[in-house]
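Colleague: After the structure tokens below, expect a handful of questions from me.
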Amino acid sequence: MTERLLPAISACLDWAQTVEEPPTLHIEALVLLLSAHQDVGATDPGDWTVDDVHEVAALVRHRDRLPELFRETWLSWCDHLVTDARLISMETPRRLRAAIENVDLTRPDHAPPDSEAPPEIAVPLLERLGYGETESPEPPRPHLPTPVADLDIRAGACPTLHLAARLSAWMDPQVLLRPYTEHDALGENDTAEAARALDVRSDEIPFLFTVARAAGLVRTDYLHARPGPAAHAWVEETPGAVADAWADALSTMTARPGATPFLVLGELFLTGRALSLDDLVHVCAEPNPKSCLPRVLEVLTELGAVVPTGDGRYLITGLGDHCVARRLRACGVEVPGTPPAPGLSPTELLELAATARPIDIEPLLDQWLAGREPSEAARGLLAAGLAPEDPEDFVRRVTERPRGGTVLECAGQDSLLADAVRRVDSSQSCDPSPSPFARAGVDRFEDESCFDFADEDASSYGADDGYGFPFETEDQPYMESSPHWESESSH
């Protein structure tokens, strides 16, 4: 048993002592249950889905015997996760408990099946991450994260997430779930009332409810729905809370079945370049990529995960980066980030530019130049080995316009940046007047001195854009309109 399971077991035993009717718990059964859950690939004892139930059952029923009260202990573990708000998956508590009640634990007569190979469609992503069959896989390039505050601004401006957040606020302190169903849903009257409060159609509420659950803005138990941990973190203005909610709900917000949206984002994230439909066909999990991919990219664009370059290709945005990195880290994959550019020496900067993703090179140079005297910075790059065709012209041009784009334009065929220049050139938009987001370093908010949005895009998320704080109504801020808002521990 690993140290990671000990706190989970201890918390469950502590919970059992607080329940009015003591639940059935058998220590040996609980240890086996959580160990098997870990063996089938779970990264957290509280991360359970119906698929996990069937995988754990398939693993343990091949044992010579199961501990006493195994199913009863499993049900108690489920009750503990639900009542203590420790169920971190988006599985509905009712459906999860029903699966545990009904899953077959009878020992089979045949040997356990061999582990299934990963789906063929996932092979390119696994290869890029170094988990495939390649003998010498290339490690993922480090990515440049967007500042958390800017991610929160962009995520909060997503209309779908905005409405889901308002729905979670409307539920405060709690509402009853529809009875006699395994799936979480609001009752008919509550659905109509929520639709009036949000000024949407009633048939939109089930989708917004699903988005809110996926985002962690709503949590449910067996009877009720109430504002979830992400909603509380959003109200408390916890840095990164809004961006995390957006990332957790992205797959749900796409309203597309299957893994294609994430596989597309994963390819854009790991390659770090603008890709066309033809470039993305091999990661499409649908039978008709030519028909599916345009729709997937359209919805990812609407949600702010990708941006078109104007020449039929697409770049991942900072929010898209955040989603992929968050999902990969949750699966135990190491996702390297770039070191802070301002603290690098000229030599370290050039070395980083040679290994960074194409879309990150220009903003990295921007950040490095922002805090330095331009002519000294230019001469530092020359001393570090950068060899433009005309060094004096390079110094003059960087002094006049101290931007990463200037460095790349002047680098020419210099060996230190030649590959970087070619990669960046391949991701540039062909549009003669691209927006600031349709270029290398798209959707990266840098220091104002190196990326001035005052005239170009500040208005996109400014005070007059029609988006208030998600829990605000038009007439009254949410924190004033809802006197019943309490901390999570009070529910």
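Values quoted throughout were computed directly from the atomic coordinates according to the rules given, and no laboratory measurement underlies them. Small disclaimer: the values here were computed from a predicted structure and weren't measured. A quick note on method: Cβ atoms are made from the backbone with ideal geometry, for glycine too, and the neighbour counts reach across all protein chains shown.
Colleague: Check which residues have an amide H placed less than 5 Å from ARG219's amide H, if you skip close sequence neighbours.
Modeller: HN-HN under 5 Å from ARG219: ARG226, GLY228.
Colleague: Then there is this: What is the set of long-range amide H partners of HIS143 at a cut-off below 5 Å, with H atoms built 1.01 Å from backbone N?
Modeller: Here GLY337, THR338 satisfy the definition.
Colleague: For region 4-90, what percent of Cα pairs sit more than 23 Å apart?
Modeller: Counting every Cα pair in region 4-90, those more than 23 Å apart make up 15 percent.
Colleague: Could you list which residues have their amide H under 5 Å from that of THR317, counting only those 5 or more apart in sequence or on another chain, with H placed in the peptide plane?
Modeller: VAL306, VAL307
Colleague: Considering region 175-310, what Rg and Dmax in Å follow from its alpha-carbon atoms?
Modeller: 17.6, 50
Colleague: Let me ask another. Work out, step by step, the length gained on full extension between THR83 and LEU13: first 0.36 nm times the residue separation, then minus their alpha carbon distance; give nm to one decimal.
Modeller: 23.8 nm is the gain from fully extending THR83 to LEU13.
Colleague: Could you list the residues of region 210-234 with an amide nitrogen less than 14 Å from a label point located 7 Å from the Cα of GLU193 in the Cα-to-C-beta direction?
Modeller: 225-226
Colleague: Dipole of region 193-249, Cα-centred, from +1 at each Lys and Arg C-beta and -1 at each Asp and Glu C-beta, to the nearest 20 debye?
Modeller: With Lys and Arg at +1 and Asp and Glu at -1, about 140 debye.
Colleague: What is the extension gain from ARG4 to SER35, computed as 0.36 nm multiplied by their sequence separation minus the C-alpha to C-alpha distance, in nm to one decimal?
Modeller: 10.1 nm
Colleague: Semi-axes of the equivalent ellipsoid of region 243-333: what are they in whole Å, largest first, if each equals the square root of 5 times a C-alpha gyration tensor eigenvalue?
Modeller: Each semi-axis is √(5λ); the values are 19, 14, 13 Å.
Colleague: Normalise the Debye intensity by I(0) for region 140-231, one equal point scatterer per Cα, no solvent, then take log10 at q = 0.20, 0.22, 0.25 Å⁻¹ and round to two decimals.
Modeller: -0.90, -1.05, -1.30
Colleague: Taking only the alpha carbons of region 305-421, what extent do you get along each of the three principal axes, in Å, biggest first?
Modeller: If we take the Cα atoms of region 305-421, the spans are 48, 33, 25 Å.
Colleague: Given a Förster radius of 41 Å and the C-beta distance between GLU298 and TYR180 as r, what FRET efficiency does 1/(1 + (r/R0)^6) yield to the nearest 0.05?
Modeller: 0.60
Colleague: Now, a different point. Rounded to whole Å and sorted largest first, what semi-axes of the equivalent ellipsoid does the C-alpha gyration tensor of region 186-252 yield via the square root of 5 times each eigenvalue?
Modeller: Three semi-axes, in Å: 22, 13, 11.
Colleague: What trypsin sites (Lys or Arg not before Pro) in region 320-389 are in a loop by DSSP, with at most 16 other Cβ atoms within 10 Å of the Cβ?
Modeller: ARG372
Colleague: Computed FRET efficiency, Cβ-Cβ of LEU69 and VAL200, R0 30 Å: what is it to the nearest 0.05?
Modeller: 0.05
Colleague: Also, quick follow-up: ³J(HN,Hα) across region 271-281 via Karplus (A = 6.51, B = -1.76, C = 1.60, θ = phi - 60°), whole Hz, x for Gly/Pro?
Modeller: For region 271-281, the Karplus curve yields 7, x, 9, 6, 10, 8, 4, 4, 5, 9, 4 Hz.
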